[in-house]
Structure formats: C-alpha cells, structure tokens
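Heads up: the structure comes next, in structure tokens.
The values are calculated or read from the model by the stated rules, or taken from the named source; none is laboratory data. No experiment lies behind these values; they were computed from the predicted model shown. Cβ coordinates were reconstructed from backbone atoms using ideal geometry, including for glycine residues, and neighbour counts include every protein chain displayed.
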Amino acid sequence: MLGRNPSIRACFPERFSDSNFDDSGQNSRRSYAASSATATPIESQPNSSGASRFASLDVPPHKPSTHAPTQTSVADLVNNNAFKLPLPNSAPARLESHQTNAANHQHNKKDASAATPVQVVDKFLSKPSLATPPASTLPSSVPIDGNNWTSRRLTLYAPLYQSALKGDWEKAKEFLNMHPGAANVRITKGWETALHIAVGARHIGFVEELVKLMSVADLERRNKYCNTALCIAAASGITRIAEVMVKKNKYLPGIRGNKGVTPLYIAALFGHRDMVWYLYKVTAAEDLTREDYIGLLIATITTDLFDVALCLIQHQPELAILRDSNGETALHVLARKPSAFVSKHEMGAWEKFIYPWIYVEPLVKSSCPSGMSKCCYCDKNQVFIGLAGKFWHAIEKAIPGNKAVYKKKLLHMQAIVLVKLLCEQILSLEDSQITDILRSPSHVLFVAAEFGVVDLITELIQSYPDLIWRVDEHSRSIFHMAVLHRQEKIFRLIHDIGAHKDMIAAYKDKNNHCILHLAGKIAPPNRLNIVSGAALQMQRELLWFKEVEKNVQPLYKEMRDIKGTTPRMLFAEEHAKLVKDGEKWMKSTASSCMLVATLITTVMFAAIFTVPGGNDNAKGTPIFLEAKSFIIFAVSDAFALFSSVTSILMFLSILTSRYAEEDFLRLLPQRLIVGLATLFFSIAAMLVAFGATFCIVLSQRLAWIAVPAALIACIPVTLFAFLQFPLLVDMIQSSYGAGIFA
C-alpha cells in the first residue's frame with residue numbers, strides 16, 4: 001500500500017546517492033561485503049495485497065580461511081549468489097518448485113564427496129542456465145575474501161555491463177554463451193542485473209533478446225533499492241520495453257518498488273503519458289488500493305496528464321474528496337498550477353494571435369471501461385463545432401507554431417473540465433464538509449487567488465456564492481490576496497459582485513491594513529518582473545494603486561495602520577528603491593539612445609551639403625536634381641534629420657526630469673515612447689537615403705545592384721524593430737491601451 005506520495009528522488013535513491021560516486025568505492029564495497037557476511041534482512045516491501053513480498057536473505061556467514069584461497073568459477077558466482085531475493089508471494093507455485101529443488105540440493109550435498117564440486121541453484125535462474133560451462137571458458141579464479149571478492153566480481157561482469165549500457169547484443173550474447181546464467185547475476189554495486197541496465201539505457205532490441213533467455217521469476221528480480229526492471233522501464237517511458245516484460249510475466253505491474261510504489265505511479269511521476277495508459281490497462285484493480293489511486297491522481301495532475309486524471313475522476317468520483325498523505329485534495333494541487341490555465345503573459349505575440357483560431361476537437365464525455373480507453377469530456381464553451389471548425393482544422397497545420405499552441409489549448413480545456421468535475425463532487429457535500437475540504441490544510445480559494453487561477457475561483461463562486469465572504473487567518477478576502485499578489489484577473493471579479501464590493505473592501509487585517517494598504521506594498525518579484533525595466537514596473541505599481549483607490553470609499557484613503565501609516569505613505573516607503581532603480585534605468589536608456597540619435601543627426605546634416613554626384617559648377621545645383629532617386633534621397637535625408645533631432649529632445653527631457661513617483665505613471669513613459677519611435681523612423685529614413693545614394697552613384701554601370709542593396713538595408717531596420725518592439729508595445733499598452741484591468 002502506498003503510504004505517501006514519494007518523489008522521483010525517493011523512488012530512485014541510487015541516482016542521487018553520493019556514495020555511489022565516491023572515488024575509492026570502499027564504503028560501498030564494505031557495505032556490500034558486510035551484507036553477505038551478516039545476512040541482514042532486506043526491508044520488506046508490500047505486495048499488491050499489502051503483504052510482505054520479501055523474506056530475509058539466507059546467507060551463510062563467511063569464516064576466515066586458514067589455508068590458501070579457494071578458486072571459484074563464474075558458475076559458482078552465478079549459482080552461489082549471496083545477494084539474491086526470494087520470489088514474491090504472487091507466484092506460490094513457482095516458489096514451491098524452487099523450494100523442492102533447494103531441498104533436493106541439501107540432500108545431495110550430504111551425500112556428495114568433498115572432491116566433487118557442488119552446484120548451488122539460484123532460484124532466479126532458468127533451467128538451461130544451471131549447467132556448468134566447460135572449464136576452458138571460465139576464468140581461472142575469483143577470490144571470495146572481502147573487498148577483493150566484490151571488486152573482482154564487478155570487474156568480471158564489466159563486459160556484460162558495457163554491452164547492456166551500449167545495447168550491443170552481439171557482444172552480450174557472446175559473453176552469455178561463455179558464461180551461462182550471467183544474465184541473472186547482479187553486476188553493479190546497486191545489485192542491478194543486465195536487464196536493469198539495458199532497460200535504463202532504453203535499448204529495446206537488447207531487452208527483447210535478453211528477456212527471451214530469462215524465466216518468469218527472473219523478471220521479478222529487484223535491485224538494492226527493491227526496484228524491478230519494470231519500475232525502471234516505467235521511469236524511462238519506453239512502452240515497448242514494458243510490453244515485452246509484462247507479456248512474459250503478467251504479475252510485474254503489481255510488484256512494488258522502492259517506498260512501496262507501483263510502476264504505474266512511477267510512470268505518472270515522470271509524466272510518461274503512453275506508459276501510464278499502458279500500465280493502467282495491465283495493472284490489476286486488486287493490486288491498487290485507494291491510497292494508490294489518490295496518489296496516482298495527484299501525480300497525473302502534477303505532471304499535466306489531465307486526460308488520465310479525467311479518466312480517474314470519471315471512474316471513481318470519490319477521489320475528488322480524498323486526501324493524500326499531505327492532507328491535500330486534487331483541487332489543492334490544481335490551485336497551485338496556473339500554468340495549466342490560459343495565461344497570455346507566458347505566450348509570445350504570435351501565440352497570442354493564433355490561440356483563438358486553433359481548432360481543438362470537442363471533448364465529448366465517454367465511458368472509460370476498466371481504464372482501457374482514454375477519456376474525453378465535453379466542454380460546453382467549445383464553439384468550434386461544424387464545417388467551419390473542421391475546415392480551419394484542415395488548413396491550420398501550415399501555421400507556424402500550431403502544434404505547441406494546440407497542446408497548450410488542449411491542456412487548458414482539460415484543466416477547466418477537471419476543475420468543474422472536482423468542484424461538482426466537492427460542492428455536493430454538506431456545508432461543514434465543504435468548509436473542511438476547502439480550508440485544510442490550506443484554503444483552496446486563497447491559494448488560487450495567490451497564483452491567479454481565475455477559472456477555479458470562478459467555478460467555486462458560481463456554484464457556492466457565499467465563498468466570497470470567506471477570509472483567511474489574517475482577515476483577508478480573496479480580493480485582498482489578489483491585490484497583495486497582483487493578480488488582476490482575480491481582482492477584476494470584484495466588479496461582478498455589485499455593491500458587496502464596498503463591504504468586502506472594508507475588511508481590515510490584524511495590522512489594521514485595508515485593501516489600499518496592501519496595494520501600497522511592493523509586488524512579489526515574480527509578479528513585478530512581468531514587465532521589463534524598473535520604470536515600467538513602477539508604472540505598473542502605480543496603476544494598481546490607482547485602480548484599488550477607485551474601488552474603496554474616500555475614508556479609507558487616509559486610514560492609518562497600527563504604525564500610523566496611510567496607504568500613500570506606505571506606498572512611498574515600499575517603492576523608494578524601485579523609484580531609484582527606475583530613474584537609473586530611464587537615464588541609462590535615454591543616454592544610449594540619445595547617442596545614436598546624435599550620430600544620425602550629424603551624418604544627415606552633413607549629407608545634404610555633400611549630395612551624391614556633386615553640383616553643377618555653373619549653376620551650383622545638384623547634377624542629379626531631376627532624377628527620382630535624388631528626390632528620394634533628399635526627402636529621406638530631411639525626414640531622418642528631423643526625426644533624430646526630435647528624438648534627441650525627448651531623451652534630453654528624460655535626463656532632466658525630476659523623477660517623482662507620479663512621473664512614472666504617464667510623463668516619462670510617454671516621452672520614452674516618442675523618443676524610441678522617432679529614433680526608429682530616423683534609422684529607417686537614413687537607410688533609405690543610403691539606398692537612394694547607392695542607386696544614383698552606380699545606376700549607370702551597375703543598375704542591378706539596387707534591389708540587393710535595398711534588401712540588405714532592411715536588415716538593420718528589422719533588427720532594431722524586433723529588439724525594441726516588445727518594450728515599445730508594453731509602454732504603449734500601459735500608457736494608451738485599455739489597461740491591465742480592462
């Protein structure tokens with residue numbers, strides 16, 4: 001039974017243990033030898049029924065030898081393996097057979113003479129591997145004393161290890177032919193067999209051939225941390241490898257690994273969707289407890305396998321109200337996953353543009369018999385149904401970035417449907433039960449408000465309107481949390497509750513902070529860094545303060561906290577450093593841009609007096625005055641000059657500004673917008689003037705060069721646009737757009 005939800009590190013400690021990478025290896029070797037000498041029982045692991053699947057190791061103690069070291073063959077190493085584990089209880093027939101063989105072996109041992117070599121059968125070895133190979137194929141000797149025994153043993157099987165790691169079956173086959181039974185020997189300090197190594201290295205062909213040589217019981221062999229090869233296959237995500245092993249031994253999916261977890265849970269923990277669906281199909285229902293199901297549900301939500309989570313909830317609706325070992329329900333986990341829902345801040349400009357046009361198949365609710373098929377659900381808000389949607393679905397494959405946006409949209413839709421199903425199950429309970437689930441161990445509403453999961457909050461409030469009056473331990477509502485963590489999507493919901501917002505906005509916490517005091521606090525770093533540049537961050541903070549100020553009564557604008565601080569005083573105190581950083585950022589940007597604008601002004605001013613082609617000595621007019629290219633040169637030169645001068649004036653005004661708090665709201669961003677825009681126009685006009693001059697000078701002999709020159713001239717303009725365009729768009733949207741609260 002799964003007692004808790006182990007992490008990847010807990011399931012595979014051998015991959016994170018420092019002792020596995022020590023230089024000398026003495027600690028590992030000492031513990032390895034000590035285990036053979038003391039025969040310490042391995043910690044039992046639960047089977048599918050919750051019973052122990054391990055027995056103690058039966059290893060005779062090693063006695064010091066007073067005569068010469070005994071010469072041991074590789075067959076003895078295979079057959080007299082001290083580090084073997086008994087079969088799971090799920091195979092009693094096979095276990096009984098091996099016990100009979102062991103009894104016969106003890107009887108034969110008493111009757112054999114001392115000179116006759118005795119073969120001790122490892123019950124994990126298949127029958128063909130029990131024959132002793134010819135003496136010519138065996139190594140001369142392997143000492144069995146202490147560390148030398150372990151070291152020589154690991155060195156002996158190094159070729160097999162390397163072959164399994166590289167997937168070289170020919171070399172491995174040659175080694176196995178020389179040393180029958182070596183496929184079942186633990187060849188690493190972590191007690192891993194060649195199958196463990198090949199599965200971890202994801203060599204499908206190697207595994208297929210190796211499994212053919214192994215018995216059903218051999219596949220159940222565990223490493224030092226009690227993980228079978230199927231556990232490692234589940235972590236690797238190669239479904240074909242799991243199919244090969246499960247086809248030969250159908251009990252493997254029910255054999256638990258380290259910390260008592262199933263291979264199905266491991267696959268979900270690593271986020272391997274295909275592997276999860278396959279193991280969910282082949283794992284017997286009686287091998288999974290209720291704790292396993294809730295652990296699986298939490299793991300699938302954590303790794304964004306929402307289709308699997310939807311199937312679990314449909315199959316077992318009661319999982320929605322069950323808690324894991326941390327006391328959390330699936331809704332608690334979803335409340336901390338804003339990435340599962342639509343967020344335009346995490347999308348590029350192109351993704352934002354094509355997102356509404358990406359067609360996703362309607363999620364039709366269907367049955368999920370015994371976990372055999374993937375589940376789908378119907379989203380009532382999905383409107384892309386019919387011929388128009390199908391036609392667009394046929395042509396959208398040619399759109400760049402279509403696949404990535406499609407996956408995001410499908411993920412978002414599945415998450416929304418999952419939230420609705422979970423809320424439906426929870427809100428069907430009694431009020432006391434609903435309160436207990438939502439408040440413990442953390443309040444779902446306030447966690448969702450902190451992370452900006454507006455879909456979850458909307459669904460809960462629409463189904464249970466009284467939740468808007470709930471407060472946390474600091475007497476703060478969800479709108480207070482939205483302001484504190486700068487979640488504008490959550491705060492916008494305050495406009496949907498009508499006059500109730502005045503009463504909720506009047507809530508005060510233990511420090512006598514009203515909602516406007518919280519707006520005066522500086523935003524958390526992760527929300528502050530949504531926009532680039534300290535100046536724009538300061539502008540965003542001012543926008544938040546102004547927006548909250550509009551939604552509170554005038555009385556609260558001058559309310560003082562327990563320290564006697566008003567909201568405006570708290571804002572100035574909290575944002576003093578940000579104002580200084582904003583001033584530094586503005587001056588640095590303005591200085592750099594003004595330098596470029598000054599150079600353009602100088603060049604453009606000089607170019608008008610040194611026209612291409614020269615002047616007529618008699619008249620003093622340009623020789624190419626009548627040419628169209630000369631007119632283009634003159635106009636673009638003048639436009640570049642005027643634009644660069646305007647840019648210089650804007651950047652100069654920024655450098656000489658007073659940098660008060662209010663200046664960051666409108667004045668400074670507007671000046672920076674004008675300065676960057678005119679600088680861009682001056683650069684573009686300068687390159688047009690260059691292209692026109694190029695055509696005038698070379699038009700007589702190299703007329704064809706005009707087009708390539710014009711194309712090359714477009715590169716710097718395009719580069720500047722791509723580099724500065726995001727900053728310019730952010731400033732325009734915040735200064736002239738609808739705003740973040742629209």
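Observations on the structure shown:
Okay, residues lined up against (1) among the polar types (S, T, N, Q); (2) more than 31 Å from the chain's Cα centre (by Cα); (3) closer than 21 Å to GLU661 by Cβ:
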{"residue": "HIS485", "(1), (2), (3)": "no, no, no"}
{"residue": "LYS489", "(1), (2), (3)": "no, no, no"}
{"residue": "ALA499", "(1), (2), (3)": "no, yes, no"}
{"residue": "LEU518", "(1), (2), (3)": "no, yes, yes"}
{"residue": "LEU542", "(1), (2), (3)": "no, yes, yes"}
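- So VAL417, is it at pLDDT 90 or above and within 30 Å of VAL360 (Cβ to Cβ): yes
- Verdict on PRO338 being surrounded by 20 or more Cβ atoms within 10 Å (Cβ to Cβ), at pLDDT below 90, under 24 Å from HIS272 (Cα atoms) and not hydroxyl-bearing (Ser, Thr, Tyr): yes
- Failed condition for VAL531, given (1) closer than 30 Å to SER588 by Cα; (2) buried (at least 22 other Cβ atoms within 10 Å of the Cβ); (3) within 29 Å of the chain's Cα centre (by Cα); (4) aliphatic (A, V, I, L, M): (2)
- Residue count for segment 162-200, restricted to those that are assigned to a helix (DSSP H, G or I), under 22 Å from GLY237 (Cα atoms) and not polar (S, T, N, Q): 11
- Flag for SER370 being in the same structural domain as ILE313 (by TED's automatic domain parsing), at pLDDT 75 or above, among the polar types (S, T, N, Q) and in a helix (DSSP H, G or I): no
- Qualifying residue in segment 565-575 (condition: within 24 Å of LEU727 (Cβ to Cβ), touching a residue at least 40 places away in the same chain (Cβ under 8 Å) and out of contact with any Ser or Thr (no Cβ under 8 Å at 6 or more places or on another chain)): yes
- The residues listed here are PHE624, PHE651; of these, the one that is at pLDDT below 90, assigned by TED's automatic domain parsing to the domain that holds ILE673 and not aliphatic (A, V, I, L, M) is PHE624.
- None of THR566, THR601, THR589 is polar (S, T, N, Q) and under 30 Å from ALA634 (Cβ atoms) except THR601.
- Residue, surrounded by the fewest Cβ atoms within 10 Å (Cβ to Cβ), within segment 150-201, restricted to residues that are closer than 20 Å to ASN227 by Cβ and small (Gly, Ala, Ser): ALA201
- Here PHE694, PHE681, PHE664 are screened, and the one residue that is under 22 Å from LEU595 (Cβ atoms) and modelled with pLDDT of 75 or more is PHE681.
- Any hit, segment 491-504, residues being of a type in the set (A, V, I, L, M, F, W, C) and modelled with pLDDT of 90 or more: yes
One line per residue, one yes/no per condition, for (1) at pLDDT 90 or above; (2) within 24 Å of ASN249 (Cβ to Cβ):
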{"residue": "LYS109", "(1), (2)": "no, no"}
{"residue": "PRO117", "(1), (2)": "no, no"}
{"residue": "PHE124", "(1), (2)": "no, yes"}
{"residue": "TRP169", "(1), (2)": "yes, yes"}
{"residue": "ASN184", "(1), (2)": "no, yes"}
{"residue": "GLY190", "(1), (2)": "no, yes"}
{"residue": "THR193", "(1), (2)": "yes, yes"}
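- One residue stands out in segment 249-265 among those that are touching a residue at least 40 places away in the same chain (Cβ under 8 Å) and not in a loop (DSSP other than H, G, I, E, B): the one that is farthest from the chain's Cα centre (by Cα), namely GLY254.
- Among the residues of segment 660-678, some residue qualifies, meaning at least one is assigned to a helix (DSSP H, G or I), basic (Lys, Arg) and in contact (Cβ under 8 Å) with a residue 12 or more places away in the chain.
- Residue in segment 201-210 that is of a type in the set (Phe, Trp, Tyr) and either touching a strand residue (DSSP E or B) at 6+ places or on another chain (Cβ under 6 Å) or not in a helix (DSSP H, G or I) (or both) present: no
- Top-ranked residue in segment 277-304 [being surrounded by fewer than 20 Cβ atoms within 10 Å (Cβ to Cβ) and among the acidic types (Asp, Glu); ranked as farthest from the chain's Cα centre (by Cα)]: GLU286
- Test: residue in segment 183-195 that is more than 19 Å from LEU156 (Cβ to Cβ) and not charged (D, E, K, R): no
- Filtered residue count, segment 217-239, keeping only those that are charged (D, E, K, R), assigned to a loop (DSSP other than H, G, I, E, B) and in contact with a helix residue (DSSP H, G or I) (Cβ under 6 Å, 6 or more places away or on another chain): 0
- Checking the stated criteria, SER475 turns out to be out of contact with any Gly (no Cβ under 9 Å at 6 or more places or on another chain), of a type outside the set (D, E, K, R), surrounded by fewer than 20 Cβ atoms within 10 Å (Cβ to Cβ) and modelled with pLDDT under 90.
- When ASP324, ASP274, ASP307 are screened for being in the same structural domain as LYS420 (by TED's automatic domain parsing), under 20 Å from LYS407 (Cβ atoms) and either buried (at least 23 other Cβ atoms within 10 Å of the Cβ) or not aliphatic (A, V, I, L, M) (or both), only ASP307 passes.
- The lone criterion from (1) without any contact (Cβ under 8 Å) to a residue 40 or more places away in the chain; (2) hydrophobic (A, V, I, L, M, F, W, C); (3) farther than 12 Å from VAL282 by Cα left unmet by VAL246 is number (3).
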